[in-house]
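The values are calculated or read from the model by the stated rules, or taken from the named source; none is laboratory data. Just so we're clear, the structure is a prediction, and the values are computed from it rather than from any experiment. Reconstructed Cβ throughout: ideal geometry from the backbone, glycine too, with neighbour counts over all protein chains shown.
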Amino acid sequence: MAYYKRRNQSFRKKNVVCQFCVNKVYNIDYKNLEVLVRQIGPDGKINPRRRTGTCARHQRMVAVAIKRARHMAMLAFDRGTWL
Amino acid sequence: MIKLRNYEIAVIIKSELNDEQRSSLKDVIQDWVVSSGGEVVLLDEIGKRKLAYPIEKQREGYYVFWYVKMSTAGPAEVERQLSIHEDILRYMIIRSESPVSVSSSQENDSDTDVSESDSPEDSDSSDQPDIEKIVDELMEKEEKEEMEGSK
Ligand SMILES: [Zn+2]
């Protein structure tokens with residue numbers, strides 16, 4: 001029971017609309033770590049759309065930006081050590 | 001006529017180089033850009049920074065970014081040069097839509113996008129005014145999908 005409860009909470013959608021659309025963001029820079037850090041979990045993985053509510057278009061931009069930041073060693077591939 | 005495109009070159013230089021060595025390496029890299037028919041629009045440096053993971057056993061690196069205009073043949077040539085230089089830990093050349101996207105600004109994204117871009121880009125960015133419409137359409141579509149999904 002507890003398992004299901006926790007599972008449901010973590011998979012629950014937090015935002016109904018895409019935050020990037022709301023803020024009228026047209027491009028996401030891979031150097032803009034303040035934004036990207038909010039899109040990754042404690043394990044360093046990219047947050048799924050079902051949790052953040054990001055639209056497909058912006059999720060794709062987020063994913064590309066995070067992968068670029070990882071390549072340039074600004075974000076880690078695993079664990080949340082980005083300082 | 002050769003069409004010039006906007007590119008962004010990101011380079012991590014070994015942090016153990018002194019200022020003199022570093023600036024000469026930066027000159028060398030700019031020479032590569034110029035000699036392959038490009039021009040440097042802007043140079044942006046973050047400077048010494050801790051790496052998120054070690055590269056070649058180095059824990060920190062010196063970050064330099066160039067915003068350049070090059071022909072389509074340029075990046076391959078510059079990339080080849082970057083790849084064989086041993087003082088360069090990591091490099092990346094990407095297309096950038098706007099000629100200059102200043103790294104430090106995150107809040108005023110909406111201010112910087114269309115206003116300052118110069119005229120040669122107009123042919124490229126003909127879809128610029130439609131983006132808002134597209135985003136709105138996408139949002140509506142998304143919402144519709146969500147509603148159906150939740151039923
Ligand atoms: Zn969006």
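Within region A:41-50, is there a residue that is more than 9 Å from chain B (Cβ to nearest Cβ), free of Cβ contacts under 8 Å to residues at least 24 places away in the same chain and part of a strand (DSSP E or B)? Yes, some residue in region A:41-50 is more than 9 Å from chain B (Cβ to nearest Cβ), free of Cβ contacts under 8 Å to residues at least 24 places away in the same chain and part of a strand (DSSP E or B).
Just one of the listed residues (A:R57, A:R68) is within 16 Å of the ligand (Cβ to nearest atom) and either at pLDDT 90 or above or out of contact with any helix residue (DSSP H, G or I) (no Cβ under 9 Å at 6 or more places or on another chain) (or both), and it is A:R57.
Scan region B:70-81 and tell me whether some residue there is modelled with pLDDT of 90 or more, crowded, with 19+ Cβ neighbours inside 10 Å, within 18 Å of the chain's Cα centre (by Cα) and of a type in the set (A, V, I, L, M, F, W, C). Checked region B:70-81: at least one residue is modelled with pLDDT of 90 or more, crowded, with 19+ Cβ neighbours inside 10 Å, within 18 Å of the chain's Cα centre (by Cα) and of a type in the set (A, V, I, L, M, F, W, C). Summed over region A:57-83, residues that are surrounded by fewer than 17 Cβ atoms within 10 Å (Cβ to Cβ) and more than 7 Å from chain B (Cβ to nearest Cβ) total 7. Selection of first residues in region B:1-23 that are more than 26 Å from A:N32 (Cβ to Cβ) and of second residues that are aliphatic (A, V, I, L, M) and surrounded by 13 or more Cβ atoms within 10 Å (Cβ to Cβ), restricted to Cβ pairs under 8 Å at least 6 apart or on distinct chains, gives the following pairs, ordered by first then second residue: B:L17/B:L25.
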